[in-house]
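S.K.: Dropping a structure here in C-alpha cells format, bear with me for questions.
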Amino acid sequence: MISLASLLGVTAVALGMVLTPGPNMMYLVSRSITQGRRAGIVSLGGVVIGFLVYLTAANLGLSVIFVHVPEAYTTVKLAGAAYLGWLAVKTLRPGGTSVFAPGDLPIDSTRRLFTMGLLTNLLNPKAAIMYLSLIPQFVRPEAGHVLAQGFVLGGVQILVSLTVNLLIVAAAGGIAVFLARRPGWLRMQRYLMGTVLGALAVHLATDRARPA
C-alpha cells in the first residue's frame, strides 16, 4: 500500500522536473509549432518511452551500473551537456530563431519524430537522476512489494509528465502567435532560453557529482 505522502511527493518532484525548461520541452515545442500538434504528440510518445526505459532499468537494478561504472554515468552526462550546448548555440547564433518562432524546417517523418523524442529524453541526465536518486526516496519497504511500488511511483511521474507536456504541445501554437505579434518579446525569449541552455550545459559538463 503506497502512502498518500509518497504519491504527493513524487507528483511534486515530477511537476518540478517537467516545468523546468530543458531539451524535452524545447524539442516538443519546436516540433509542435513547425509541424503541428500531431508531430508534437508523436514526439512526446518517444519521450514517454524514454521514461519507461529509465523506469524499467532503475526498478530492475540495472541503474547500479551508473554507480559501479562511473564512466557510463559520465558518458551520459557529457552527451547530455553536448546536446544542451548544441541547442544553445543554435538558439543564440546570428540568424538563430526562438523555439516559438514559426520556421520552414524540414518535415520529419513519423519515425524520425518518435526517434528524436526518444533520444532527446535518453540524453537528458535529469531523467536518469530522477530515477536513480529522487523517486527511490519515496519507496517504503515496510509498505509491501518494493518492485511494485517503484513501478507505480514511476508511473505517477510519467502520467504527470505526459499530462503537462500534452498541454504544452496544445498551447505551443497559441504562444507562438502571441510572441510573433511582439518581436521584442520573441528576441528576449530566444536570448533568455539560449543563455539558460548554455549555462545548464556548462554546469552539467563541469559537475563532478556522482549518482547516489
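The values are calculated or read from the model by the stated rules, or taken from the named source; none is laboratory data. From a predicted model like this one, the values you see are computed outputs, not experimental measurements. Cβ: placed from backbone, ideal geometry, glycine included. Neighbour counts: every protein chain shown. Note: accessible area is taken over every heavy atom of the protein model, side chains too, but ligands, DNA and RNA are not part of it. Shrake-Rupley method; radii C 1.70, N 1.55, O 1.52, S 1.80 Å.
Matching residues to (1) modelled with pLDDT of 75 or more; (2) more than 16 Å from the chain's Cα centre (by Cα); (3) open to solvent by less than 30 Å² (accessible area, probe 1.4 Å):
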{"position": "124", "(1), (2), (3)": "yes, no, yes"}
{"position": "128", "(1), (2), (3)": "yes, no, yes"}
{"position": "136", "(1), (2), (3)": "no, yes, no"}
{"position": "145", "(1), (2), (3)": "yes, yes, no"}
{"position": "150", "(1), (2), (3)": "yes, yes, yes"}
{"position": "156", "(1), (2), (3)": "yes, no, no"}
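S.K.: Any idea how many residues of segment 146-162 are β-branched (Val, Ile, Thr) and closer than 22 Å to residue 22 by Cα?
M.R.: Of all residues in segment 146-162, those β-branched (Val, Ile, Thr) come to 146, 152, 156, 158, 160.
After this cut, where a residue has to be closer than 22 Å to residue 22 by Cα as well, the list is 156, 158, 160.
Of the residues in that region, 3 qualify.
S.K.: Those residues that are at pLDDT 90 or above, open to solvent by 50 Å² or more (accessible area, probe 1.4 Å) and not polar (S, T, N, Q), I need them from segment 158-212; list them, please.
M.R.: 159, 162, 166, 167
S.K.: Ok, one more. Determine the pairs where a residue that is buried (at least 20 other Cβ atoms within 10 Å of the Cβ), located within segment 17-40, has a partner that is aromatic (Phe, Trp, Tyr) and part of a helix (DSSP H, G or I) with Cβ atoms under 7 Å apart, the partner being 6 or more residues away or on another chain.
M.R.: 23/83
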